[in-house]
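These notes are about the structure you will find just below.
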Amino acid sequence: MASTAISLESVNKRYGSTVALDSLNLQVEPGEFFVLLGPSGCGKTTALRIVAGLETPTTGTVRIGDRVVNDIEPKDRDVAMVFQNYALYPHLTVRRNIEFPLRARRVSSHERERRVMEVAESLQLEDQLNRKPGQLSGGQRQRVALARAIVREPNVFVMDEPLSNLDARLRVEMRAELIDLHLKNGTTVLYVTHDQVEAMTMGDRIAILKDGVLQQVGTPKDVYDRPANTFVAGFIGNPPMNLMPGELLGEPGMIVGIRPENVFLDDNGSIETRVTLVESLGHEHHVACRLNYDNETIVFVRVPSTVSQVPGIGESIRLSITEPLYHFDSVTLERKAIKT
Amino acid sequence: MISGRRRTRIRNSALAYVMILPAFVIFMIFVFYPLVKTFYLGMYRVPPFPGLPQKYVGLSQYSSVLSHSEFLTPLWDSTLYVLFTVPAGIILGLGIAVLAHRHLAGIRIFRTIFSSTIATSVAVASVIFFTLLDPTTGLFSYWIGQRGGVGILGNPTWALPAVATVSIWQNLGFAFILMSAALNSVPDDLLDAAAVDGASGTRRFFRITVPLISPTLFFAMIIGVISGFQAFGQIDLLTQGGPDGHTNVLLYQIYTVFFTNADTGTSSVMAVALFVILVLLTIAQFLLVQRKVFYADKR
Amino acid sequence: MRTSVRTALRYVFLIIIALVVLFPIYIAVVNSLLSGQQIAHRPPTLFPLHPLWNSFSLAWSFGHLGTYLRTSVIVSVLTTLAALTTSVLAAYAFAFLEFPLKRIMFSLCLATLMVPAEVTIIPNFRTIQILGWYNTYPALIIPFAASGIGIFLLRQSFRQLPRELHDAAVLDGYGHWRFLVRVVLPLNRAMIGAFAIFAFLSSWNQYLWPLLVTNSDSHRTVQVGLRQLEGLNPDQQNIVLAGTILAALPIFLILFIFQRQLVRGLTAGAVKG
């Protein structure tokens, strides 16, 4: 078996003068659920399309398995793609949609029938086979799109924000289904999303991109506990990490970061603040406080719903903090490891 | 060595050219070549007797033909024809569309009737009116108290308005469909809002409906003018340019000079002039359409 | 109370206009069912109590309407098919393929919209003579077998297909021809239908060009055939009008069957710009 399932080596992509990807290096392990995470326009979809072969890199090498695929046609890469808006053919029935890739590959009708039924069963689409996509719910359409990818039995799945068109409840359901599916068939998945919750809950590893530049690669725990820079720190976690100017061991020009769950309401705390916003989510409250000594800085606090006294807007409260504290260079914005 | 993807690019380009080729061969032979050729033919004077060689006279033929009454009179007739047909056609089309816009019982039957003349061609409409205007047997001639003589189509004053009327009738279906579509595109909530604000029906129509459908009105005007300058069949079937040249519109004159007189030089100059007029009108149309898109975006 | 008066007034206007619009057609039908003498009779007959149907058979055979209609159907159907084929192919290339000079070539297609056929009749007439096509079907069909407006409208329509459908087909290994046939054509039926009707009507209603390039009854289209018919004696007006009705009938039928596509095709220019 190949050592990597997908690898991008120094991949650049430029559109005229705009740089979509800047010297991207990525290695996806076989069987891994690998998530590309970043805000819109960060280049994650471009990277995905380069892997699928729908775009060609300006420079750099793309490998799938051991094979350099730069010159390989999309159809010969053994990659199946799931699109954000499903890309179902509205004039074809669900059955025809699912077997569409098989027809292109001239799979015998008997074999086609068997594989379509198998996939339809595993995705609970048996009753929908003769309907058209227009008659399906969003979740069913998404399942058909998945079925069409799975039926090919590809080496690699690439998925471009496949859950972003679903409503919140369905998204959670489909998330679980996707994880389940991945556990069952163990095929490598390259998954693009801008939703950090999806990335954290689904990914074996996450790569975070910003403006075409790779920021960090790691397991969800890695990127959460050891963010490489302020961007990653601020992008992952909700509410985001509190970042404020500070100093480290007497050295000024630092940005100090602290997660909202490490800040506490504490009448004996040393930090005096005034409450500017309270968001109640039911299981917890997010309280935004403005520091008294520095009017510029707002600190988010996660308050569990078990705390009976939730402060009101305008109230003066005191806070205390616990470890870990993160320190970032205020120029490079990189995290500084502290020797303790 | 050519890479696989580059080979695909080349193959796709080749495929694209193969797909475009049929249309382009036809465009080259029947649109671009003859267009250039018409300019060119306009620079050659045709001899008065057949058999003699054509003589290159350059642009001088353009200036002589375009300042001559054999061009200017048909140009004026075409202009008059457009003035008779276009405003009346648009106002009638819009008026009837407004009348049929409201939901009433049986309104679909009326809409079908008002659209029906779309199924008539210029030739069908012309022949029907030719019989109605016949000086001895025509019903219209009888109604206006005319028996025998040259009839309306033979009357120098009334021939062109009569031909124009035939065209207005024949185009009424199209005008109605176009204006109805425009009226349907006016959002009801705007009209409702104006009604709530106390605007009267007339006021709503002129202050809200007309400005909102103005792009369609412009469009109808431009294509009306363009097709007016292309009028041929109705002239050929109703008056043959007569009486005494009073309905001799530009295209009919080109046809006569080319086909009857076999004067390719003069007729080509006139064709070029017609082309320039139509191109200017088409450019005006494109500019107006752009403004229309702009309106739509702002809404 | 006031509303009911206004509604009544509205109906009165609607009925008057409907009568005016329909009158020429009505009287054409009436007169086609009278004899030549009856048409000339005064006061005129406004309702045929004893309709005579033989004018239609006379128009069909003696007036050559049968031949004219056959020619028109052949010419219009073939012109439509040809224009549709060339437009679909070119529109596909412009919508889905990348190739050198694409923009210039598309601009040239649009430029043809600026050149009405009337302007180029003089050299085109000579071309037809040189090709030996005078009085033949190709003369009536080939010059209109490509359409700038068709290429433009179909390209616009094709481009509205979501890009992902094309991407998915590429990933699944569908070549361009199969993508065109299996996906693009079925998903653009509405615009293709609208353009087909538009092309058919344009071809059917042609007058000047068929008049120029044909002079025999066997290749005259029905529009030009009406010109021959018009030249009959005044006492044969029933035949003239019967022929006119026969000429108009196919389009009335098409209008009736394809009402929606027709409206769409006719207003496509207005809506799309």
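The values are calculated or read from the model by the stated rules, or taken from the named source; none is laboratory data. The model shown is predicted, which means the values in this text are computed figures rather than measured ones. Every residue, glycine among them, receives a Cβ derived from its backbone with ideal geometry; neighbour counts consider all protein chains shown. For accessibility, only protein heavy atoms count, side chains too; no ligands or nucleic acids. Shrake-Rupley method; radii C 1.70, N 1.55, O 1.52, S 1.80 Å.
Observations
- For A:Met159, the residues whose amide H sits under 5 Å from its own are A:Val82, A:Leu190, A:Tyr191, A:Val192, ignoring neighbours fewer than 5 places away on the same chain, with H placed 1.01 Å from N.
- Cα gyration tensor category, rounded, prolate or oblate, for segment B:1-146 with a/c compared to 1.5: oblate
- Residue-count net charge about C:Ser216 - beta-carbon cut-off 14 Å; Lys, Arg +1, Asp, Glu -1: +2
- Computed from point charges on the beta carbon alone (+1 for Lys and Arg, -1 for Asp and Glu), the dipole magnitude for segment C:1-137 about its Cα centre is near 440 Debye.
- Peptide B:223-234 has a mean shielding of 2, counted as Cβ atoms of other protein chains within 10 Å of each residue's Cβ.
- Note on segment C:1-123: dipole from Cβ charges, positive end direction compared against C:Trp60, C:Val5, C:Pro24; the farthest Cα belongs to C:Val5.
- The A:Asp222 and A:Glu118 beta-carbon pair, evaluated with R₀ = 35 Å, returns a calculated FRET efficiency of approximately 0.45.
- Look at where the Cα atoms of segment C:186-208 and of segment A:305-340 average out, and the two centres are 69 Å apart.
- Helix axis angle, C:121-131 relative to chain C longest principal axis, alpha carbon, degrees: 80
- Ranked by the mean number of other Cβ atoms within 10 Å of their residues, highest first, the peptides B:156-164, A:203-211, A:298-306 fall in the order A:203-211, B:156-164, A:298-306.
- Taking a ≥ b ≥ c as the square roots of the eigenvalues of the Cα gyration tensor, segment B:70-292 is classed as oblate, since a/c reaches at least 1.5 and a/b does not exceed b/c.
- Highest-first arrangement of B:187-199, A:132-144, where packing means the average Cβ count within 10 Å: A:132-144, B:187-199
- Per-residue surface analysis assigns C:His41 an accessible area of about 100 Å², computed on protein heavy atoms at 1.4 Å probe radius.
- q = 0.22 Å⁻¹: log10 I(q)/I(0) that the Debye formula gives for segment B:4-55, counting C-alpha atoms only: -0.84
- When A and C come together, around 1800 square angstrom of accessible surface is lost from both chains combined, probe 1.4 Å.
- Built amide H within the under 5 Å cut-off of A:Phe33, gap 5+: A:Val189, A:Asp204, A:Arg205
- The mean sequence separation of alpha-carbon pairs under 8 Å and at least six residues apart, normalised by the residue count of segment B:38-113, gives a relative contact order of 16 percent.
- Highest GNM mean-square fluctuation among C:Val222, C:Val12, C:Val183, for chain C modelled with Cα contacts below 10 Å: C:Val12.
- Of the residues in segment C:14-32, those shielded by at least 50 Å² of accessible area once partner protein chains are present, compared with the chain alone at a 1.4 Å probe, are C:Leu14, C:Ile17, C:Val21, C:Phe23, C:Pro24.
- Alpha carbon centroid spacing (whole Å) that separates segment A:181-225 from segment C:24-67: 82
- Against the main long axis of the alpha-carbon atoms of chain A, helix A:94-104 sits at an angle near 70°.
- Counting Cβ atoms of other protein chains within 10 Å of each Cβ in B:9-18 and taking the mean gives 5.
- By average C-beta atoms within 10 angstrom, highest first, the peptides A:42-49, A:117-124: A:42-49, A:117-124
- Per-residue SASA entry for A:Glu29, accessible area with 1.4 Å probe, Å² rounded to 10: 70
- With Cα atoms, 0 to 90° folded angle of helix A:168-185 axis to chain A main axis: 60
- Cα gyration tensor shape for chain C, rounded if a/c is under 1.5, else prolate or oblate: oblate
- For segment A:278-295, backbone phi angles converted through the Karplus equation (6.51, -1.76, 1.60; θ = phi - 60°) give residue-by-residue couplings of 10, 10, 9, 9, x, 6, 7, 10, 9, 10, 9, 10, 9, 5, 6, 7, 9, 5 Hz, Gly and Pro being listed as x.
- Kirkwood-based Rg to Rh ratio, chain A, C-alpha trace: 1.05
- Minimum 50 Å² accessible area buried by the other protein chains, segment B:122-163 residues, probe 1.4 Å, relative to alone: B:Val124, B:Val127, B:Ile128, B:Thr131, B:Thr137, B:Leu139, B:Tyr142
- Exercise: per-residue mean of other protein chain Cβ atoms within 10 Å, C:221-229: 4
- Between A:Thr201 and A:Ser137, the C-beta separation translates, for a Förster distance of 22 Å, into a calculated FRET efficiency of about 0.45.
- Other-chain or far-sequence residues with amide H under 5 Å of A:Thr219's (modelled H): A:Ile206
- In the elastic network of chain C, a GNM with C-alpha springs shorter than 10 Å, the most mobile of C:Gly193, C:Gly150, C:Gly132 is C:Gly132.
- According to the Kirkwood relation over distinct C-alpha pairs, the hydrodynamic radius of the protein assembly as shown is 33.6 Å.
- Estimated at the nearest 10 Å², the accessible area of C:Ile17 is 40 Å² with a 1.4 Å probe.
- Cβ-based charge dipole, segment B:74-190, positive-most Cα from B:Leu80, B:Thr136, B:Trp169: B:Thr136
- Residue-wise HN-Hα couplings along segment B:244-255, as the Karplus relation 6.51 cos²θ - 1.76 cosθ + 1.60 with θ = phi - 60° gives them from phi, are 6, x, 6, 10, 7, 6, 4, 5, 5, 5, 4, 4 Hz; Gly and Pro carry x.
- Mean-square fluctuations from a GNM of chain A, with a 10 angstrom spring cutoff on Cα atoms, peak among A:Asn268, A:Asn242, A:Asn155 at A:Asn268.
- Relative contact order, whole percent, for chain A stands at 16, derived from Cα pairs under 8 Å and 6 or more residues apart.
- The distance from the alpha carbon centre of segment B:150-219 to that of segment B:62-137 is 13 Å, rounded to a whole number.
- Considering only alpha-carbon pairs that sit under 8 angstrom and 6 or more positions apart, the relative contact order computed for segment A:192-330 is 21 percent.
- For the protein assembly as shown, with +1 on Lys and Arg beta carbons and -1 on Asp and Glu, the positive-most of C:Ser76, B:His101, A:Gln135 along the dipole: C:Ser76
- Taking label positions 7 Å along the Cα-Cβ direction at both C:Leu253 and C:Arg103, the computed distance is 4.9 nm, reported to one decimal.
- Across segment A:135-145, coupling constants 3J(HN,Hα) worked out from phi with the 6.51/-1.76/1.60 Karplus curve, θ = phi - 60°, read 8, 9, 7, x, x, 5, 4, 4, 5, 5, 4 Hz, and Gly and Pro carry x.
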